[in-house]
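Take a look at the structure below.
The values are calculated or read from the model by the stated rules, or taken from the named source; none is laboratory data. What you are looking at is a predicted structure, and each value in this text was computed from that prediction instead of being measured. Please note: Cβ atoms are built from the backbone with ideal geometry, for glycine as well, and neighbour counts cover all protein chains shown. Please note that ligands, DNA and RNA were not included when accessible areas were found on the heavy atoms of the full protein model with its side chains. Shrake-Rupley method; radii C 1.70, N 1.55, O 1.52, S 1.80 Å.
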Amino acid sequence: MWPIAPWLEGNMSRHVLIQLPLLAIAGWFIGRLIYENFRPALLVWNRHGAAGISIAVFTFIFWMIPRFLDASLSDPIPAFAKYITIPLGFGACLGASWDMAPAWLRGFLKVNFLSMLIFLAWLYAASPDQLCNNYARDEQRELAFRLVPIICALGVIFAIRPLFGGVPIKAGFALSCLAYLRKAGLS
Amino acid sequence: MRTIIACAFICTAGVWLAYLGTDGFHAFTAEQARRYSAIHNPVKVEPARLTTHLGDEIEFFSNRDQYVVVEFIFTHCPTICQALGRSFSQLQGKLEDENLDGIQLLSITFDLEVDGQTELAQFADRHGADDSIWLVARPQNEKQLARLLKRFGIVVLDDPLYRFVHNGGLHIVSPDGRLVAIFEPEDVDGALEFLMART
């Protein structure tokens, strides 16, 4: 991933919307492996996923502070810290803890995640200051407007299950399978 | 129970790290950090030999008996550098009014490709620089420039429209060569007050 890092980090949107999520997702799979292989230890140290989720929340808050994102671009130590803590501190901790967390906690986290994204989008769009010395204000604003559809989509996805139960998801899946089969059969 | 211990530890460590990382919740952006560190933990700026718009080579930031106010510019800059230039004009006027000696104003260009001595002289002329107070200078090579920018915490970004976009301010370097304060580009009064208290 080293050769593509400069490209990903060369633009604020690519950095925040592609690189950081990819690092987190990579960590999530590590977390799933931990969850499947170390369940007894997790049940002692990570009841209801509380410890893992605490680490994930702190990691998330930490990397939301513009200063650290900026530092990860100009200094090697914060850069290294980013490549380690986002997959392990955020992705893996969340992956290992998610299934252990009670439903109310998961809902709380989803809602807070969304509101945090809304706050960030508003901040990037409205701030008269350039928040990162490494990214011009135009890129900051561009990121804000790219966050909007993502927030909307996540909002819909998060809302479907609590509002309608699993039925629409299954129905939607079945319908799209049917449509695919019909199309395949006709052509 | 052990989960509670783990959580307590994580929360303590998390808040502690955030506290350390933001200078006690004071600096949340790199720009704030740069300004906070100038006041509370001033770094030594390495001596640098610069070529001025008059063609002289002068060594700056090495035990000169004067405060140096530094701004970073490129002469074709239409935005922040013009504001910085205006601030320096005002500062120069006020230094003359107050009869404050021993303060050097120094504009340093980071556009080595375009800014030769002629461009620097034009910039000085445009803003009415008085040679005895205000010098416009260029580093001698890219390596020296990169070191200077790093020390001062200036990040220069390429820009399709304006050629460069960069952060900036009025940087005050003490006689012993430390970066002791950074003021907003327009904060002439703040910088002047600081200098008057020190000289």
Legend entry - Residue mean of other protein chain beta carbons inside 10 Å, A:54-64: 3
Legend entry - the protein assembly as shown - mean residue ellipticity at 222 nm from DSSP helices (-39,500 (n - 2.57) per run, n ≥ 4, rounded to 500): -18500 deg cm²/dmol
Inset, instruction - Calculate, for region A:131-187, the solvent-accessible area per residue in square angstrom, rolling a 1.4 angstrom probe over the heavy atoms of the protein chains. - result: 72
Legend entry - A/B buried area, accessible surface, summed, 1.4 Å probe, Å²: 2000
Inset, instruction - Would you list, by chain and number, the aspartates and glutamates whose Cα falls below 19 Å from the Cα of B:K94, excluding same-chain residues fewer than 8 positions away? - result: B:E71, B:D125, B:D130, B:D131, B:E184, B:E186, B:D187, B:D189, B:E193
Legend entry - Net dipole in debye of region B:112-199 [+1 Lys, Arg Cβ; -1 Asp, Glu Cβ; about Cα centre; nearest 20]: 500
Inset, instruction - Mind grabbing the accessible area of B:H40 for me, 1.4 Å probe, Å², rounded to tens? - result: 110
Inset, instruction - May I ask you to derive the FRET efficiency for A:I4 and B:K150 from their Cβ-Cβ distance with R0 = 30 Å, giving the value to the nearest 0.05? - result: 0.75
Legend entry - Fraction in percent of alpha-carbon pairs per bin - 5 Å, region B:79-140: 4, 17, 30, 24, 15, 7, 3, 0
Inset, instruction - Only Lys, Arg, Asp and Glu count, each charged at its Cβ (+1, +1, -1, -1), so figure out the dipole size of chain B about its Cα centre, rounded to 20 debye. - result: 1080
Inset, instruction - Provide the convex hull volume over Cα atoms per residue for region A:126-172, in Å³. - result: 92
Inset, instruction - Please list, or write none, the lysines whose alpha carbon is within less than 27 Å of the alpha carbon of A:K170, excluding same-chain residues fewer than 8 places away. - result: A:K110, A:K183
Inset, instruction - Enumerate cysteines in the protein assembly as shown without a disulfide-compatible partner, where compatibility requires another Cys Cβ under 4.7 angstrom. - result: A:C93, A:C132, A:C152, A:C177, B:C7, B:C11
Legend entry - Cut-off under 5 Å, modelled amide H: who pairs with B:A181 long-range: B:I172
Inset, instruction - Have a look at A:L42, A:W63, B:Y19 and report the one farthest towards the positive end of the charge dipole of the protein assembly as shown, computed about the Cα centre with Cβ charges (Lys/Arg +1, Asp/Glu -1). - result: A:L42
Inset, instruction - May I ask you to work out the translational diffusion coefficient for region B:153-196 at 10 °C, viscosity 1.306 mPa s, via Stokes-Einstein with Rh from the Kirkwood sum over Cα pairs, reported in whole µm²/s? - result: 132
Inset, instruction - In square nanometres and to one decimal, what's the mean projected area of the convex hull around the Cα atoms of region A:81-145? - result: 5.5
Legend entry - Karplus-derived 3J(HN,Hα), 6.51/-1.76/1.60, for each residue of region A:103-109, Hz, glycine and proline x: 4, 5, 5, 5, x, 4, 5
Legend entry - Surface/4 of the Cα convex hull for chain A, nm²: 14.0
Legend entry - Rounded percent of accessible protein surface that carbon and sulfur make up, the protein assembly as shown, 1.4 Å probe: 65
Inset, instruction - Mind telling me which of B:R64, B:R138, B:R178 comes out most flexible in a GNM of chain B, alpha-carbon contacts under 10 Å? - result: B:R64
Legend entry - Residue-averaged beta-carbon neighbours from other chains (10 angstrom radius) around B:10-20: 3
Inset, instruction - Give the Rg (one decimal place) followed by the Dmax (whole number) of chain B, computed from C-alpha coordinates and expressed in Å. - result: 19.5, 74
Legend entry - Under 5 Å, built H, 5+ apart or other chain: amide partners of B:S107: B:E71, B:L135, B:V136, B:A137
Inset, instruction - For the protein assembly as shown, count all C-alpha to C-alpha pairs, find those more than 28 Å apart, and express that count as a whole percent of the total. - result: 57
Legend entry - Stokes-Einstein translational diffusion, region A:49-89 - Kirkwood Rh over all Cα pairs, 0.890 mPa s, 25 °C, in µm²/s: 234
Inset, instruction - Over all directions, average the projected area of the Cα convex hull of region B:104-198 and note it in nm². - result: 7.0
Inset, instruction - For region A:110-122, take each phi angle, set θ = phi - 60°, evaluate the Karplus expression 6.51 cos²θ - 1.76 cosθ + 1.60, and give the result in whole Hz per residue in order, putting x for glycine and proline. - result: 4, 5, 5, 4, 4, 5, 5, 5, 4, 4, 4, 4, 4
Legend entry - Principal axis box of region A:1-83, alpha-carbon based, largest edge first, Å: 43, 23, 21
